[in-house]
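The values are calculated or read from the model by the stated rules, or taken from the named source; none is laboratory data. In this text, all values refer to a predicted model and were calculated from it rather than measured experimentally. Positions of Cβ are backbone-derived with ideal geometry, glycine not excepted, and every protein chain shown enters the neighbour counts.
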Amino acid sequence: MQDLMKIEQFANRILEFLVTALFFAILVLTIILVILRYGFNAAIIGGNEAMEYMFIYTTAIGAAVSLGKGEHIKISFLLDRWKRPLRNAINIVNYVLIAFINTVMIKYSFGWIRSAGGFESPVLRIPNWIVQVSVPIGCGLAVLYCLNHVCIEIRNCRSSAKD
């Protein structure tokens with residue numbers, strides 16, 4: 001089980017670096033675009049479109065990472081009041097449901113990508129599937145994080161049962 005946690009921590013570091021790099025690129029591109037627009041009355045062709053695409057990937061990957069770190073949106077007011085075995089069971093159900101929803105999104109995203117992914121973006125002429133594939137990537141990462149956390153919660157249930 002420690003191996004799973006180490007793998008998750010390693011994945012978190014890589015994905016957090018990627019998200020940070022994308023955010024930094026968005027920041028730099030935004031500053032450059034503003035300076036060019038208001039200082040020189042010029043622009044970078046496709047700059048706004050590139051920022052949008054980087055933001056989409058940042059959101060998809062960042063959502064999965066926040067889920068893996070337990071920083072996703074959750075209301076734990078009642079959960080914190082219950083004893084550990086029940087809390088672990090509810091967490092397992094929670095992660096299974098999140099994994100199920102993300103699996104459904106993966107399933108339907110492939111049809112969406114097949115039908116709309118062949119078009120090109122208006123300025124950069126990038127095929128839409130390159131941007132749209134962020135949905136199954138983000139959802140796939142979320143499913144992996146959920147499965148890992150289910151394993152951790154099951155281990156916690158077993159260790160609390162032994163106590």
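Per-structure values
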{"quantity": "Residues being modelled with pLDDT of 95 or more and surrounded by 15 or more Cβ atoms within 10 Å (Cβ to Cβ) - total across region 1-15", "calculated": "1"}
{"quantity": "Matching entry among MET54, MET105, MET5 (being touching a Cys at 6+ places or on another chain (Cβ under 9 Å) and assigned to a helix (DSSP H, G or I))", "calculated": "MET105"}
{"quantity": "Only listed residue being without any contact (Cβ under 8 Å) to a residue 40 or more places away in the chain, surrounded by fewer than 15 Cβ atoms within 10 Å (Cβ to Cβ) and at positive phi, chosen from ARG114, ARG125", "calculated": "ARG125"}
{"quantity": "Residues located in region 82-98, provided they are free of Cβ contacts under 8 Å to residues at least 40 places away in the same chain and under 28 Å from the mean Cα position of the chain (by Cα)", "calculated": "LEU86, ARG87, ILE90, VAL93, ASN94, LEU97"}
{"quantity": "Output for region 17-43, where each listed residue is surrounded by 13 or more Cβ atoms within 10 Å (Cβ to Cβ) and in contact with a helix residue (DSSP H, G or I) (Cβ under 8 Å, 6 or more places away or on another chain)", "calculated": "LEU18, VAL19, LEU22, PHE23, ALA25, ILE26, LEU29, THR30, ILE32, LEU33"}
{"quantity": "Some residue of region 121-141 being among the small types (Gly, Ala, Ser), within 16 Å of the chain's Cα centre (by Cα) and over 29 Å from GLN2 (Cβ atoms)", "calculated": "yes"}
{"quantity": "Cβ-Cβ under 9 Å pairs, at least 6 apart or on other chains, region 24-49 side closer than 22 Å to SER121 by Cβ, far side surrounded by 11 or more Cβ atoms within 10 Å (Cβ to Cβ) and charged (D, E, K, R)", "calculated": "ALA43/ARG37"}
